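Laboratory data are not the source of any read-out in this text; all were calculated from the coordinates shown. This one's a predicted model, so the numbers in the text were calculated from it and none came from an experiment. Note: ideal-geometry Cβ built from the backbone for every residue, glycine included; neighbour counts use all protein chains shown.
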Amino acid sequence: MPFPKDPAGGYTHDRHKANYMLLFNSGVLYNLTGELKYAVFAKKIFLKYAVLNPTLKNHPQATSSSPGRIFWQALNDANWLVYAGMAYDLIYNSLSKEERKTIEDGAFKPEVDFLTNDLRSWFDLIHNHGVWACAGVGIVGIATGNSHYVDMALYGTNKEGKSGFLAQINGLFSLDGFYTEGPYYVRYAILPYYLFANALKNARPQLDIFNYRNKVLQKALMAGLQQTNLDGTFFALNDALKEKDYTTNELVTAVDIAWDVFGKDDALLFVAAKQDRVLLNKGGMGIAAALSPEKKLMASFPYRSVEYTDGVKGDEGGVSYLRNRKGNDLTTLISKYTSHGLSHGHYDKLNINLYDKGNEILTDYGAVRFIGVEQKYGGRYLPENKGYAVQTIAHNTIVVDEKSHYNGMESVAEKFHAEKLFSNINNDAVQVVATKEENAYAGIKMQRTVYLLQLPDTRKLLVDIFLM
């Protein structure tokens, strides 16, 4: 139980991350085996945090306006709350009344108070960090029987509903499930969305959370899976690390819960087979049973031409995926005309990307970041991310007068979005999408039309017409 002092990649960071997984896994083993030793082990860890957490101030390696205490950033503290909260629920019945009070007052209350009071504006922010924060506080609230925590998690610190978990569902997803920060970040945020929703399904069934906004959480998962390449890697729209794919822990969690909540789905089963592991819950066990040796899986994930709108009302642009053929011969042309994408957005209006047979032909730079390498600033994005990766020059679109769209100013970019003029994705031989952007440069209107054509001799052709 070291005193926190390192950024991501350092010993104390990794130790505390390992600790919350130890807590959670110990709780699971206690429930599976009934052996008290697992609950006792978790209790000992909790009692150490009950001593440590009240002594913590802002982390010494914190560099942003949202510092953590156990970790260098508050986001990681929220991660800790999610897993520690579930662990506490799993061992709750093994604890005495006095032990519960010690853990709740010492380990949890300082963290919850820090996130909801000291970092109130961060907690209430509509952003993937806010999703994790709401999930952490809400799960702890359910585990400890603290309705005040749960209400703050659901409706924001002032409980008015302008922030909180329901506002996170409303504000970050369009009606068809597109996540405004991009497919890479729905990969990260889908875990707290699904874990907290699953807890609410049991604790507050009257919310009917998985049917909220016409089952938008189900749509979000399926939209995220549609926005992947043949190898399951998420397309690099906005900030993204290109190696992240649908076999990550976040997607294992979402797929297994979705199987239980929304029912059997052969597309999910295909992904689950690639993941090659399941959670020890009803959904995971259902998938494991369905993946019997005699089960014949579909040959490939059912990718299709699809369009998603962006924005709460679906009126802030969007993105089109024009697809030709199937399986290993699949071609995907992406036309991006979304809103900016919050702090993870790029200045890439009317950007296009092209993938063929799994190969990235017209590339996107993604993000400049090293995960868990202390010598490379821990988990932070590097200065080059803002200096190059997010800028227009790093994308397949037009740069005017050597300047990025909106002069590279996020505050300006967030006010505008591109628009779709028309599209037709129903004819495999001729697919087209036309888009426009009129605010990226003063006095300049941009219009782009792209066609994905299937020629009679089996060749494929991309036609790109850019007007200014």
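At an R0 of 22 angstrom, the distance between the Cβ atoms of Lys48 and Tyr92 translates into a FRET efficiency of 0.75.
Between Asn426 and Asn211, the modelled labels are 3.1 nm apart [label points 7 Å from Cα along Cα→Cβ]. Filter Lys57/Lys313; Lys17/Lys386; Lys5/Lys43; Lys44/Lys376 down to the pairs with a C-alpha to C-alpha distance above 30 Å, please. From Lys57/Lys313; Lys17/Lys386; Lys5/Lys43; Lys44/Lys376, over 30 Å: Lys57/Lys313; Lys44/Lys376. A full extension of the chain between Ala288 and Val399 corresponds to an added length of 34.9 nm, given 0.36 nm per residue minus the alpha carbon distance.
Quick check: the distance between the Cα centres of the stretch 298-342 and the stretch 99-159, to the nearest angstrom? Taking the Cα centre of each part, the stretch 298-342 and the stretch 99-159 sit 35 Å apart.
With a Förster radius of 22 Å applied to the beta-carbon distance between Glu410 and Ser64, the computed FRET efficiency rounds to 0.90. For the chain, a simple Cβ point-charge model (Lys and Arg +1, Asp and Glu -1, everything else neutral) yields a dipole of about 680 debye relative to the Cα centre.
Protection proxy ranking, highest mean first, for peptides 277-283, 112-118: 112-118, 277-283, where packing is the per-residue count of other beta-carbon atoms within 10 Å, averaged.
In this structure, Arg100 and Asn31 have a Cβ-Cβ separation that, at R0 = 25 Å, corresponds to a calculated FRET efficiency of about 0.90. For a quick check of your reading of the filter: which trypsin sites (Lys or Arg not before Pro) in the stretch 301-361 sit in a DSSP loop and have no more than 11 other Cβ atoms within 10 Å? In loop regions of the stretch 301-361 (DSSP not H, G, I, E or B), the sparsely surrounded trypsin sites (Lys or Arg not before Pro) are Arg304, Lys313.
Extension gain for the segment Asn117 to Lys159, taken as residue separation times 0.36 nm less the Cα-Cα distance, is 13.8 nm to one decimal. Projected label points at Leu22 and Ala267, each 7 Å from Cα along the beta carbon direction, are separated by 4.1 nanometres. Once the Cα atoms are used to define both axes, helix 212-226 deviates from the longest principal axis of the chain by about 60 degrees. Roughly how many whole Å is it from the C-alpha centroid of the stretch 43-69 to that of the stretch 80-97? Their Cα centres are 18 Å away from one another.
One decimal place: the segment Asp315-Lys296 gains 2.8 nm when fully extended, by the rule 0.36 nm per residue minus the C-alpha distance. Across the stretch 308-467, Cα pairs under 8 Å and at least six residues apart give a relative contact order of 19 percent. In this label model, Tyr11 and Lys460 are separated by 5.1 nm, measuring between points 7 Å along each Cα→Cβ vector.
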